[in-house]
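Below: the structure, in structure tokens.
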Amino acid sequence: MVNKMPKHIASGLKYLAAVKLKEQGHNQQKIAEELDIDRSTVSHYLNGRNLSWNSIDVAKTITDLYPKDFLTMVQAIIQDPEKSRKIVIICKKYEYDAFVDDSCIGCGLCVDLCFMKSITLVSLKAQINSIHCCGCQTCENECPTNSIKILEIEDD
Amino acid sequence: MIKNMKESKGNDFDIKRAAEEVRNLSFNNHVCIGCGICESTCPVEAIDLKDMGAISRNKFNTEFSGHDKLNQNIIEDNEDLKLTIDEHKCVLCGMCSGLCPVDALKLTIDDTPIREMDIYPHYNDYARIDDDECIYCQKCQTACPRDAIIIERNLPKRSDLVTGEIDVTEDKCIYCGICAEMCPAEAIEVDRETGKESIVIDKDKCVYCLVCKKSCPTNAIDALCRICSYGEYDINPENAIVLGSSVLDQELCVKCGWCEGVCPTNAAKTKKAFEGTLEIDQDKCQTCGACIDICPCNVLSFVVPTGPGQKLDKILKKEEYCIRCGACAKACPNDAITVKITNIDHTPTNSKTWINALNALKN
Amino acid sequence: MELKVNQDNCLGCGVCVVACPVNAAISPEVAGGNGSKTEEVIMMVENGFIKLFDKDKCKKCGTCQMFCPVDAIWLE
């Protein structure tokens, strides 16, 4: 795993997240709270000031990576797990649908492995919250009974 | 990365996974009955049951002393490891723990055993001793094949049950010792050594049966039972009760029902988780006794012929005490035993996999 | 766990051969003490000593060990 990444790439990711939230119709106050940055920074981001366009390019490349690599990179850049989760949810390129087969034994391994904390056990069966799912497929790959399928939802 | 840790304590071990929640699977070797249900239900094939026939045989001295050896030559602390779990394969799903007919495998999630969690199915079996009904006769303690019951009893003093008067006139006594020999309660001591002759009667031991008085050749003993003589019941009935306590070790108990079967009152009550059948193919049986050694419930025994030329079954079964665990069928080298589970009494669950696993026990 | 023999200890009495429930199932005549007609059995006495033919057939019940008077056959 990558351990230290340059700080300015983090601002590139935050820029992308701020723009995305703006597109979703959130105001600056809300965006600042959501990303845990101060309001003036949000304002700068949205008005295209004080930014390194290079780091935004790198950030864009990162969001275009295969979901698992995207997640790993964000973790490495942002460090804080809670903030990483937020960025991943906002910046992910696709939505995912999760299917859990009846063969699930309720061992909870996926719950422990999911970085996005999108899995819970409900009556001894994994239940995946697709809003939080980042498509990294760690659960699908590690499930001892191969009970999980993660599918990308295609845009129409 | 999340990893399982295995920690061994003698033959017991723990497998632990600490992440969002702490899952801990513990194995108690002395509780395990070697039925192999865990091995066959493990979804990731992480469990390996050892050769239980040989392990249960190791509980006995190898010097053969006839078929009574089962009762005679048990080595108390036989500690062969009965099963192992590959901690790299184990996913701590708890299926082995949920389906273990005893409590040998125990999965806890954040220190709560899954047997106490409603979402996990568990067997509706029990064994209990009702202290109000129990007369502390210790019959169940003797019968229990798992040594899971301890009955302690405090007997009343004899002087709380019977009273009387007893006296020796030493002038008449010839210290012959007849009374001491006859006394059923060993209450009389006579020293017959020349020159140091003496007679002592211990009134705490005396039951006032008057045997000494009747047997004394010189009428030196004067005794009477107050109850017979005067009809006086001058003792406190409360002091004449047998008190006690019963302890049932739920961990060792296999709910076989021996205690209930031998209980003279209705104090011991048990319920089994499995209903089913136990069939022994007497033609295939080669009378090696491996099944007898391994049975956790003392259900099986050799047949002792009562006369010559009898055609008898080779292995006898007391089916009422069988818990259908299948350990005997697994130990039999000739596949002469078939154990079938037809019904399992368990709490409901929504998980199809768990229902399937429970149904798979019914073969 | 595996079936082992020590020919140095063995008296060649054949108790294990007769007692073994698997032997008796493969070749019923050994149970009568008449010796096996086949080499399919797990063990037999040859030239006065125990010899293992096929220990993979052993079901690890431990009966042989229980009967052997001199600890010449055991599971380990």
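Of the residues C:41, C:30, C:17, the single one that is part of a helix (DSSP H, G or I), away from chain B (no Cβ under 12 Å), open to solvent by less than 60 Å² (accessible area, probe 1.4 Å) and aliphatic (A, V, I, L, M) is C:17. Which numbered condition in (1) under 24 Å from the mean Cα position of the chain (by Cα); (2) more than 14 Å from chain C (Cβ to nearest Cβ); (3) at pLDDT 90 or above; (4) open to solvent by 20 Å² or more (accessible area, probe 1.4 Å) is the only one that residue B:267 fails? With respect to (1) under 24 Å from the mean Cα position of the chain (by Cα); (2) more than 14 Å from chain C (Cβ to nearest Cβ); (3) at pLDDT 90 or above; (4) open to solvent by 20 Å² or more (accessible area, probe 1.4 Å), residue B:267 is out only on (4). Scanning region B:116-137 for residues being crowded, with 16+ Cβ neighbours inside 10 Å and more than 14 Å from chain A (Cβ to nearest Cβ) gives a total of 8. Here residue B:224 qualifies as farther than 13 Å from residue B:180 by Cα, surrounded by 13 or more Cβ atoms within 10 Å (Cβ to Cβ) and not small (Gly, Ala, Ser).
Residue check: is residue B:227 closer than 23 Å to residue B:155 by Cβ and modelled with pLDDT of 90 or more? Judged against the criteria, residue B:227 is not a match.
Entry remark, region B:312-349: residues being free of Cβ contacts under 8 Å to residues at least 40 places away in the same chain and either over 27 Å from residue C:64 (Cβ atoms) or in contact with a Phe, Trp or Tyr (Cβ under 6 Å, 6 or more places away or on another chain) (or both) number 1 in total.
Can you confirm whether residue C:5 is among the β-branched types (Val, Ile, Thr) and in contact with a Gly (Cβ under 8 Å, 6 or more places away or on another chain)?
Numbers: among the β-branched types (Val, Ile, Thr): yes; in contact with a Gly (Cβ under 8 Å, 6 or more places away or on another chain): no.
No: the conditions fail for residue C:5.
Somewhere in region A:22-36, is a residue surrounded by fewer than 17 Cβ atoms within 10 Å (Cβ to Cβ) and among the aliphatic types (A, V, I, L, M)? Among the residues of region A:22-36, not one is surrounded by fewer than 17 Cβ atoms within 10 Å (Cβ to Cβ) and among the aliphatic types (A, V, I, L, M), which makes the answer no. When residue B:147 is tested against the conditions (1) surrounded by 15 or more Cβ atoms within 10 Å (Cβ to Cβ); (2) not assigned by TED's automatic domain parsing to the domain that holds residue B:210, the lone failure is (1).
Here is a yes/no grid of residues against (1) surrounded by 21 or more Cβ atoms within 10 Å (Cβ to Cβ); (2) at pLDDT below 90; (3) in contact with a Lys or Arg (Cβ under 7 Å, 6 or more places away or on another chain); (4) closer than 20 Å to residue B:342 by Cα:
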| residue | (1), (2), (3), (4) |
| --- | --- |
| B:298 | no, no, no, no |
| B:308 | no, yes, no, no |
| B:311 | no, yes, no, no |
| B:320 | no, no, no, yes |
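When the criteria are applied in full, residue A:111 meets the requirement of being outside any loop (DSSP other than H, G, I, E, B), touching a Ser or Thr at 6+ places or on another chain (Cβ under 8 Å) and within 14 Å of chain B (Cβ to nearest Cβ).
For residue A:79, the criteria (1) within 14 Å of chain B (Cβ to nearest Cβ); (2) over 30 Å from residue B:117 (Cβ atoms) hold in every case but one, which is (1).
The residues of region A:117-141 that are of a type outside the set (S, T, N, Q) and closer than 13 Å to residue A:105 by Cα, listed by number, are A:121, A:122, A:124, A:125, A:126.
Within the set A:152, A:95, A:140, the sole residue that is more than 14 Å from chain B (Cβ to nearest Cβ) and under 20 Å from residue B:89 (Cβ atoms) turns out to be A:140. Residue C:8 falls short on exactly one of the conditions (1) more than 14 Å from chain B (Cβ to nearest Cβ); (2) within 11 Å of the chain's Cα centre (by Cα); (3) on the phi < 0 side of the Ramachandran plot, and that condition is (2). Could you check region C:54-76 and list, in sequence order, the residues that are more than 10 Å from chain B (Cβ to nearest Cβ) and open to solvent by 60 Å² or more (accessible area, probe 1.4 Å)? Correct list: C:55, C:56.
When residue B:50 is tested against (1) closer than 25 Å to residue B:359 by Cα; (2) under 21 Å from the mean Cα position of the chain (by Cα); (3) at pLDDT below 90, only condition (2) is not met.
The values are calculated or read from the model by the stated rules, or taken from the named source; none is laboratory data. Treat the numbers as computed from the prediction; the structure is a model and nothing was measured. Here the Cβ is made from the backbone with ideal geometry for all residues, glycine too, and neighbour counts use every protein chain on show. With ligands, DNA and RNA removed, areas are computed over all heavy atoms of the protein, side chains included. Shrake-Rupley method; radii C 1.70, N 1.55, O 1.52, S 1.80 Å.
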